[in-house]
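Each reported figure results from applying straightforward, stated rules to the coordinates on display, with no laboratory input. Not measured: the values here are computed from a predicted model. Neighbour counts run over all protein chains shown; Cβ positions are idealised from the backbone, glycine included.
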């Protein structure tokens, strides 16, 4: 009788563990899907939007830049807000604000209205992504975190998968405003699921908010991102761009000095003393830099260099994200078998070579070959980022999780902007060096070789790691 009485409880516990294993990460991932979907679709739609709003396409780039600026300014506050108000509450509020801002973007009738709505969208994104990750970090045992991270990123990967194709279809067959309206059903469904199934994480005792730190980091990140956004573009003169970098670096340096004497500083720089965290954030930054540059460069190569339509180019780049999704189920067992150091080191070489291979594409290259290379590259790139995201939090204590999540999101945002700016600069340099006045396939392909070579710098951070680095995250330490 006793054994029979225990079975319902055992079943309930197993169901709870299953929900924790896939449902919560999938729900949180739906919010990230809104962000990635908007980003990938918007890039393809900018020329069409510019014509509809009677603006120059280069001016309309402000819609992307201001989004990144707002996100950079509000990112440092996200961890403090999650601790103070509760991570689930902040996450749900951010989803609602993101949906409302998306609707405002869709109803915009001029550039000023669009930019203002994008500012609110960027602020909501800054709260949504790191706080969503924080909910997962605080509700998942470390031994299950790699698998949970794989599930978390699967909905987010649907953005890059369907974004280029969907963006090309929307601007070709429908109104560009649906780019923003399609976020609304995702937000409604995601908000209901968060409210019903995501555990409620209680507020924590936190120090008073660090306004000086917010000011210094906000100014530093915003000016650096704006500077990188204008590299290789004629919107600002060279001295103005240089001034942005001086102000940005100076502000971040001032914050570094200031934070040493303030134990309640908004960003905890002592996290970089953790080897696994610094290897993931700094070493992984060189890989993420290439990832920030690749979508922009591939769009230029396929559409301008090879003369494809946005819809055709989207169908080809679809293969890269499809390969990434396939890898998500394979990543946890691979990490359990070989460990973080081996996977990151070997896979960095494979991923770097795949980036270099993009530079060998020519207008005569069969589409099936391009699709195969993009599929393989997406497959191994997904393994690399799953490993980096998991290892980053391997040795971080629970009381540091909110700041670690914020720091990780800030670094990724900054590196993404650097990648886009570097891509624009390289394309401009090779165009001038070859005496061309317009981009061609011959001026675009060398940029892939440079960006691909940069990824190998990450090996300097992976190879010195101990053999058992992060083993608690993938279950190897428990198995041993």
- So for 463, 216, fewest C-beta neighbours within 10 Å to most, what's the order? 463, 216
- Ranking of 211, 178 by count of other Cβ atoms within 10 Å, fewest first: 211, 178
- Task: Assign one of three labels to the stretch 246-342, namely rounded, prolate or oblate, based on the Cα gyration tensor with a ≥ b ≥ c the square roots of its eigenvalues; rounded applies when a/c is under 1.5, prolate when it is not and a/b is larger than b/c, and oblate otherwise.
- Result: oblate
- Task: Just need the relative contact order of the stretch 307-435 here, percent rounded to a whole number, with Cα pairs under 8 Å and 6+ apart.
- Result: 35
